[in-house]
Amino acid sequence: MRNLPDADPGVPDERSAVAYLRWLIRRAWRPLYAAVALAVLWMLCQALVPAIVGRAIDAATGRDRRALLVWSLALLAAGIGQAAFGIARHRFAVVNFLGAMFTTVQVTVRHAGRLGSALSRRLDTGEVVAIGTSDIRQIGSAIDITARGTGSLVAVVTVTVVLLTTSVPLGLVVVLGVPLLMAVVGLLIRPLHRRQAASREQQGVLTGRAADLVGGLRVLRGIGGEAVLGERYRHESQKLRAAGVRTARVESLLEAAQVLLPGVFLVLVTWLGARFALTGRITVGQLVSFYAYAAFLVTPLRQLTEAIDKLTRGHVSARRVVGMLRTATDLPDPAVAAPAERFRGELADPSSGVTIRPGEITAIVASVPAEAAAIADRLGRYADGATVGGVPLSEFELATVRERVLVADNDARLFTGPLRADLDPYDSGRLPAALYTAAATDIVEALPGGLDGEVAERGRTFSGGQQQRLRLVRALVADPDVLILVEPTSAVDAHTEARIADRLITARAGRTTVICTSSPLVLDRTDRVLFVEHGRVAADGSHHALLTNEPGYARTVLREEDK
């Protein structure tokens, strides 16, 4: 069953990775700016602690009790501020992380819905799955790190100013050392960026391969192709492993640089500070402050390199998301849409000659079943060519067509979760009648928990006939103006099929209904039958009249071979 997606969420027209990340920031700027402000205050409180401790030590060595009390209170205030701002910053950081993740989920799901039937033709399954499992986390981390990255940068600037006012040579070491450290880290970012992109692409390929294997496992076993496809999967898996190892090599160098370079920086500042203290150029308290600052700078410097790393990963993931958002549907809305009021009259497919009269239950029988399915796609505007009241369906907004015409085929899937939510998500009240019409009440009764029972992935615990009946229930609950059913009873036994046919005709009496089928049990109960041969309507009439007067129809319905 195919449904209409939600409206456009307002993603910017300039669809680049950077533009997308900026859009996420603008969309939730209040919690993001709050997190940045709190991170700055949090890091400032930490940055001021070494200076306060140094002043307190100088006050203690000079036996200045009043100054010692003042600096002790200042240290207490800095500690309280650090705790309070840190808690608040973390709360907003989690909000930003989850907000970016789930906004990306909403954007991609809505776009997937907007693509509709074009999704499987335009995008690989593995690509979509990888976006939903891996890329959203990287994008969330990129938005989250902006607060801590900004706070770390402000802390480094603050420490630099404090050191310059205390000792110009030591301050210059920091001023020159920090950019040098960042430059060294920056040399690793570009190769990391390339290798992450290659690994991410290979991950999407492998995920798609796994989805194909799982979905077609029964068929593969039946034709003996399981080993061949398994070997292909192992080959792709090894390629992903190799790409991951190449990425990990650069990541390990980056992690090592985050520890080694700040450590070397710490040793250098401590050594210079000790020499200056021995020569009397700085006090003991200032020496302690310098050592503490050198140790403290390890944290903001690591956070800055972490920010570069996560922003790089986020950029790679955002580029994949943008690639999906750039995918356009092959069924676009017209520039100037026809008003919905004009959607009335006969639904027709000129290429085949099929016409559907309002209020009738019409059956389409094709000598080649795929031709009937193609006609159903055109009548439901999953392919262009059909008209309603002489107006092409392509002149109406897709939402208008989807609201009035529903195509239910055997490719529709059941979703994991409570059965009630799967069949009647809006609690329309039509579910009991739909279950009766589709002869599906026994399925609900046998399911532990009934309608509140859990549906396994893709409804795999149901038989083919049970899945078909549940799909019919969902279509009947939707209650569209025009219902098009493609082989709705092909997987059920004759007794159940007869019950469904009787009840379906009664339930849809006076409602426009199209049934693509070759089952005599269903055809015998419809108002009108159209026989399609070689892509065109060859005969039109009742089931019994066509059996008598149309040999091709009789062969198709009675499954007789040409002699």
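The values are calculated or read from the model by the stated rules, or taken from the named source; none is laboratory data. Just so it is clear, the model here is predicted, and its values are computed rather than measured. Don't worry about glycine lacking a Cβ; one is built from the backbone with ideal geometry, like all the others, and counts go over all protein chains shown. SASA here: full protein model, heavy atoms, side chains in, ligands and nucleic acids out. Shrake-Rupley method; radii C 1.70, N 1.55, O 1.52, S 1.80 Å.
Restricted to helices (runs of 4 or more DSSP H) entirely inside the stretch 453-563, those with at least 2 residues that are within 42 Å of the chain's Cα centre (by Cα) are 464-478, 494-507. Phe531 fulfils the conditions (1) over 23 Å from Asp424 (Cα atoms); (2) open to solvent by less than 50 Å² (accessible area, probe 1.4 Å); (3) modelled with pLDDT under 95 except for a single criterion, (3).
Restricting the stretch 125-140 to residues that are among the small types (Gly, Ala, Ser) and open to solvent by less than 20 Å² (accessible area, probe 1.4 Å) leaves a set whose member that is modelled with the lowest pLDDT is Gly126.
So that you can scan it fast, the table gives a plain yes or no per residue for (1) modelled with pLDDT of 75 or more; (2) over 30 Å from Ile57 (Cβ atoms); (3) not small (Gly, Ala, Ser):
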| residue | (1), (2), (3) |
| --- | --- |
| Ala197 | no, yes, no |
| Ala227 | no, yes, no |
| Arg234 | yes, yes, yes |
| Gly285 | yes, no, no |
| Tyr293 | yes, no, yes |
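Among the residues that make up the stretch 56-69, is at least one of them out of contact with any Phe, Trp or Tyr (no Cβ under 7 Å at 6 or more places or on another chain), within 30 Å of Ser141 (Cα to Cα) and of a type outside the set (Phe, Trp, Tyr)? No, the stretch 56-69 contains no residue that is out of contact with any Phe, Trp or Tyr (no Cβ under 7 Å at 6 or more places or on another chain), within 30 Å of Ser141 (Cα to Cα) and of a type outside the set (Phe, Trp, Tyr).
Of the candidates Leu379, Leu419, the single residue that is closer than 21 Å to Gly116 by Cα and in contact (Cβ under 8 Å) with a residue 24 or more places away in the chain is Leu379. For first residues located in the stretch 484-503 and at positive phi, partners that are surrounded by fewer than 23 Cβ atoms within 10 Å (Cβ to Cβ) and lie 6+ apart or on another chain with Cβ distances below 7 Å form the pairs Glu487/Asn410.
Residues of the stretch 149-168 that are within 35 Å of the chain's Cα centre (by Cα) and free of Cβ contacts under 8 Å to residues at least 12 places away in the same chain: none at all.
Number of residues in the stretch 456-475 that are under 21 Å from Ser518 (Cα atoms) and touching a residue at least 40 places away in the same chain (Cβ under 8 Å) equals 7.
Is at least one residue of the stretch 507-523 among the small types (Gly, Ala, Ser) and over 25 Å from Val405 (Cβ atoms)?
For the stretch 507-523, residues among the small types (Gly, Ala, Ser) and over 25 Å from Val405 (Cβ atoms): absent.
Among the residues of the stretch 501-517, which ones are in contact with a strand residue (DSSP E or B) (Cβ under 7 Å, 6 or more places away or on another chain) and buried (at least 23 other Cβ atoms within 10 Å of the Cβ)? The answer is Thr513, Val514, Ile515, Cys516, Thr517. For the stretch 426-433, the criterion of being closer than 18 Å to Leu504 by Cβ, touching a Leu at 6+ places or on another chain (Cβ under 9 Å) and assigned to a helix (DSSP H, G or I) is satisfied by at least one residue. Of the helices (runs of 4 or more DSSP H) lying entirely inside the stretch 46-155, the ones with 2 or more residues being of a type in the set (A, V, I, L, M) are found at 65-115, 125-130.
For (1) at pLDDT below 95; (2) crowded, with 16+ Cβ neighbours inside 10 Å; (3) within 30 Å of Gln466 (Cβ to Cβ); (4) out of contact with any Leu (no Cβ under 7 Å at 6 or more places or on another chain), each residue gets a yes or a no:
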| position | (1), (2), (3), (4) |
| --- | --- |
| Leu483 | no, yes, yes, no |
| Ala491 | yes, yes, yes, yes |
| Ser519 | yes, yes, yes, yes |
| His543 | yes, yes, yes, no |
| Asn549 | yes, no, no, yes |
| Ala554 | yes, no, no, no |
| Glu561 | yes, no, no, yes |
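The residues of the stretch 266-287 that are in contact (Cβ under 8 Å) with a residue 40 or more places away in the chain, within 21 Å of Gly177 (Cα to Cα) and either touching a Phe, Trp or Tyr at 6+ places or on another chain (Cβ under 7 Å) or open to solvent by less than 40 Å² (accessible area, probe 1.4 Å) (or both), listed by number, are Val269, Leu272, Gly273, Phe276, Ile282.
Within the option set Ala337, Ala373, Ala363, being touching a residue at least 60 places away in the same chain (Cβ under 8 Å) and in a helix (DSSP H, G or I) holds for one residue only, Ala373.
Scanning the stretch 427-452 for residues that are within 32 Å of the chain's Cα centre (by Cα) and of a type outside the set (A, V, I, L, M) gives Asp427, Ser428, Gly429, Arg430, Pro448, Gly449, Gly450, Asp452.
Ala412 passes every criterion in (1) closer than 23 Å to Leu470 by Cβ; (2) out of contact with any helix residue (DSSP H, G or I) (no Cβ under 8 Å at 6 or more places or on another chain); (3) in a loop (DSSP other than H, G, I, E, B) apart from (2). Taken together, Val354, Val316, Val336 contain a single residue that is open to solvent by less than 10 Å² (accessible area, probe 1.4 Å) and modelled with pLDDT of 85 or more, which is Val354. If the condition is being open to solvent by less than 20 Å² (accessible area, probe 1.4 Å) and assigned to a loop (DSSP other than H, G, I, E, B), then the stretch 434-450 contributes Ala438, Ala439, Ala440.
Looking only at the stretch 376-393, which residues are outside any loop (DSSP other than H, G, I, E, B) and closer than 19 Å to Pro480 by Cβ?
Answer for the stretch 376-393, where residues must be outside any loop (DSSP other than H, G, I, E, B) and closer than 19 Å to Pro480 by Cβ: Ala376, Asp377, Arg378, Leu379, Thr387, Val388, Val391, Leu393.
Could we say that Gly151 is crowded, with 24+ Cβ neighbours inside 10 Å, out of contact with any strand residue (DSSP E or B) (no Cβ under 9 Å at 6 or more places or on another chain) and closer than 17 Å to Ala28 by Cα here?
No.
Among the conditions (1) surrounded by 23 or more Cβ atoms within 10 Å (Cβ to Cβ); (2) in contact with a Ser or Thr (Cβ under 9 Å, 6 or more places away or on another chain); (3) on the phi < 0 side of the Ramachandran plot, Arg381 misses just one, which is (3).
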